[in-house]
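The values are calculated or read from the model by the stated rules, or taken from the named source; none is laboratory data. Note that the structure is a prediction, hence the values are computed from the model and not measured. Positions of Cβ are generated from backbone atoms using ideal geometry, with glycine treated the same way; all protein chains shown enter the neighbour counts. The accessibility values were calculated without ligands, DNA or RNA, using every heavy atom of the protein model including side chains. Shrake-Rupley method; radii C 1.70, N 1.55, O 1.52, S 1.80 Å.
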Amino acid sequence: MGVLADVLSASFARHRDLSAVELPAQGSSLSYGDLFDAAQRWALRYPDTDRVLVLHIEKSLAYYQFLAAAFTYGRSFCPIDILNPVGRVDAIVRQLDRAIIITDQADRVEALRALGHEVDLIDSSHLGPTSPATLAPDTHIVAGDDARYFMSTSGTTGVPKLVEVRHDATVKFIGWSLPFYDVGPGDRWAQFSNIGFDLNLVDFLTAIGGGATLVGLTTLGETTKLNKFVDEQRITHWHSVPSVTRYLLRGGRPLSELRVLSFCGEPLLREQCVALRAALPTARIINTYGPTEGPLFCTAHEVSELDLADETLTTMPIGTPIPGWELDLVDDDQGTRIVLRGVMLAEGYHGIDDPAFGDAIVNGKPGRSFDTGDYVRQHGRHLCFAHRRDSVVKVNGIRIDLGEVTDACLRSGFGDPVVLTSAGRLVVFYEAFDGVDAPLDDAALVEVSRRLQARLPLYAVPSAFEFIEALPRSATGKVDRSALAKQLSLPSDGSDD
């Protein structure tokens, strides 16, 4: 077994009688001992260490058992959330050698088998595939020493790309995250993310590695009433995309036990942090950055009172590299771009030779690198996320950075603006303006146009503003730009050329 397996095995042994996982809506839970015992049984059921276990299952007891089995006994796996249609599941699995789909979705089994896949239907509510609580002392479990996990990400050709990560590439992250988040027995870490998002693995590895209880949100009711969930479940650590902060605060409950809020996946707004600080004066607010190719994330910044007081700061700094990572900053005609280097870097895209992964020489030292396509801007001594390489479009022949326009909209009072192009013009789609969940009236439109003209060249000022009561969001909580564009019959990349 690898180093990661040793870390988790030690935690299972040390915290055997403590609660490891709780799923309140399902009324189910697992102790560390139960989780470890079930992991052993799943490892015995799938003894071939060269196979990839495709986990197409609910966020359930079985899911956490599989994670424990995979990381402890060296089983390669690929999680695919059940919100994915059969066609996308097929496109992902076809890229993997000797894969077996493990699912609790009975209505999909025949369709997946008809596509030529091996499928194992399981009951995700059981404590492993067999009934004995413990294994015989002489039971031998074969452990793999070259296990990986695969996370799907969007591909430019329409076929999902699979980011390939060695299990032991995460060890340095756990060594950093446990003391940084100050997590241990008695803590309760909420898991908001779905199983196809690598933030989910941050939650599992940090909480279980530290002896805390991982408390999973599994229903729409829970995810739309986060304030109630956090209060009733006595959550101490929260980790999600920043978009959900309004739901954390909506409801007026005290959240007195919540002491750490960590965000990743999209820019964390200063106004979101100001609202969180007002509600939680002593809680730590942490912003992190890292693409899926840079698991699990690469930088962290703890929000300070100076950040909150700086009205020129729209989004929080992305922070400094955590141990094992280096950021190379490369200037080009779009600004300053991040290239990642580090021992935790993904192996690459499975089966694809992509130029984003390569070799770099920095300060005379060669090493593997990944060109993120993410641009940052300098704010004092800090770096703040600016835009993605693919967010630059042409409107009437003029290059416009949608990230810059979005930033100006944020500074002008919009809550979660999405800027897209349509018929040769820029359009802002928004849920709220200056905290009011209602469309802008004529006077407000004049005022917001004036604010934007003070921040943008005239050609980059949006010419239309469309109120949407609820912007479409992905299962991870991010605003889904592609879904909005499709809903409005606009080009999915936001470009008109």
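Worth a mention:
- Length-normalised contact order for the chain - Cα pairs under 8 Å, 6+ apart - percent: 10 percent
- Fully extending the segment from Asp6 to Leu306 would add 103.9 nm, taking 0.36 nm per residue of separation and subtracting the current Cα-Cα distance.
- Environment charge at His350 (Cβ cut-off 15 Å; Lys +1, Arg +1, Asp -1, Glu -1): -3
- Mean shadow area of region 7-120, taken as a quarter of the surface of its Cα convex hull (nm²): 7.4 nm²
- Cα-based Rg of region 218-357 normalised by 2.2 N^0.38 Å, two decimals: 1.21
- Most simply put, the chain has about 65% antiparallel DSSP beta bridges, counting only bridges with both residues inside it.
- Per-selection Kirkwood Rh - the chain (Cα, Å, 1 d.p.): 23.8 Å
- With helices as the sole contributors, the chain gives -8000 deg cm²/dmol at 222 nm; each DSSP H run of n ≥ 4 counts as -39500 (n - 2.57), and the sum is divided by every residue.
- FRET efficiency, 1/(1 + (r/R0)^6) with R0 30 Å, evaluated for Glu347 and Ser125 via beta carbons: 0.30
- Close Lys pairs in the chain (alpha-carbon distance under 30 Å; sequence gap of 8 or more, or different chains): 19.
- Label point 7 Å beyond Cα of Thr139 along Cβ direction - residues of region 29-54 with amide nitrogen under 14 Å: 33-47
- Each residue was assigned an accessible area with a 1.4 Å probe, and for Asp331 the value is about 120 Å².
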